[in-house]
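Engineer: Next up is a structure, given as structure tokens.
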Amino acid sequence: MNVIYMLWLRQLKRYARSRARIVGSLGQPLLFLVALGFGFGPVFQRAGQGNYIQFLAPGVIAMTILFTAIFSGIELIWDRQFGFLKETLVAPVPRVTIMIGRTLGGATVAVIQGLVVAIICGIAGFRLGGAAAIPGGVLFMVLVAVMFTALGTAVASVLEDFQGFQMVMNFLVMPIFFLSGALFPLVGLPPLMSAITRIDPLSYGVDGLRSALTGVSHFGVPTDLAVLTTLSVAMLLLGSYLFSKIQL
């Protein structure tokens, strides 16, 4: 437990020291929120779908968590290249403990980023469905953050350079985000597109967040929770296995 706490705390200290990272990571969510939220808002409303900011905000929050969580894996490559990982791995603790500590740290940072963006969404006009929306929203944020942080760690465990990691992540992240229903409703899609959105793990995170924060759901909260919990456990197991195979 001490090792998990130390690694978790180290991730938070890294985040707190990197002011440029904090500011930079807010740029893309703000762009989507302002450009799409206010740009497509009138079109969305004329189509009979209601307030686009209410629809878009959960997707933007999920996007923030996705990018922050999955790219936290690059810190593993950084630590490997500069020797810190070697010092950590020689400690007399199971590697799975180290992996869990890193994952919890990265997930915590991702949730903090998501909460910051949620506050910005509130300033932009987003309104919660009620006080009960907050614990439900945080629960879905945590599940999404753990799942994608573990995925980022799994990918970083088999790669040794920054360029390869960024290429793989960009190949994965953009389709995962754009096909998740974060920007458009999932109803009325062509059969092929509908099938793709159903195998996209972020679709259930966006839908769960949207259901918790606004009361609107496509798959249903039980389905969202079951899928996200199962995938989070699966990604943790996969990440732990691949992390245990790292050769220094």
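The values are calculated or read from the model by the stated rules, or taken from the named source; none is laboratory data. Note that the structure is a prediction, hence the values are computed from the model and not measured. Don't worry about glycine lacking a Cβ; one is built from the backbone with ideal geometry, like all the others, and counts go over all protein chains shown.
Engineer: Considering only the range 58-73, I want to know if a residue exists there that is assigned to a helix (DSSP H, G or I), aromatic (Phe, Trp, Tyr) and in contact with a Ser or Thr (Cβ under 8 Å, 6 or more places away or on another chain).
Structural biologist: Yes, the range 58-73 contains at least one residue that is assigned to a helix (DSSP H, G or I), aromatic (Phe, Trp, Tyr) and in contact with a Ser or Thr (Cβ under 8 Å, 6 or more places away or on another chain).
Engineer: Which pairs have Cβ atoms under 9 Å, sit 6 or more apart or on different chains, and link a residue in the range 92-105 that is on the phi > 0 side of the Ramachandran plot to one that is surrounded by 23 or more Cβ atoms within 10 Å (Cβ to Cβ) and among the small types (Gly, Ala, Ser)?
Structural biologist: Pairs found: none.
Engineer: Take Leu237 and decide whether it is assigned to a helix (DSSP H, G or I), crowded, with 16+ Cβ neighbours inside 10 Å and either modelled with pLDDT of 90 or more or not hydroxyl-bearing (Ser, Thr, Tyr) (or both).
Structural biologist: No; evaluated as a whole, the condition is false for this residue.
Engineer: Now for a separate question. If Thr214 meets every condition in (1) within 18 Å of Phe148 (Cα to Cα); (2) touching a Lys or Arg at 6+ places or on another chain (Cβ under 9 Å); (3) not basic (Lys, Arg) apart from one, which number is that one?
Structural biologist: (1)
Engineer: Something else: From (1) surrounded by fewer than 22 Cβ atoms within 10 Å (Cβ to Cβ); (2) in contact (Cβ under 8 Å) with a residue 12 or more places away in the chain, pick out the condition that doesn't hold for Phe171.
Structural biologist: (2)
Engineer: Taking the conditions exactly as written (of a type outside the set (S, T, N, Q) and part of a helix (DSSP H, G or I)), does Leu189 satisfy them or not?
Structural biologist: Numbers: of a type outside the set (S, T, N, Q): yes; part of a helix (DSSP H, G or I): no.
For Leu189, the condition - of a type outside the set (S, T, N, Q) and part of a helix (DSSP H, G or I) - is not met.
Engineer: Moving on. Anything in the range 202-228 that is in contact (Cβ under 8 Å) with a residue 40 or more places away in the chain and of a type in the set (D, E, K, R)? List them, or say none.
Structural biologist: Arg210, Asp224
Engineer: Within the range 217-225, can one find any residue that is more than 17 Å from the chain's Cα centre (by Cα), farther than 25 Å from Gly73 by Cα, in a loop (DSSP other than H, G, I, E, B) and hydroxyl-bearing (Ser, Thr, Tyr)?
Structural biologist: yes
Engineer: If you go through the range 196-213 one residue at a time, do you hit one that is surrounded by fewer than 16 Cβ atoms within 10 Å (Cβ to Cβ) and among the polar types (S, T, N, Q)?
Structural biologist: no
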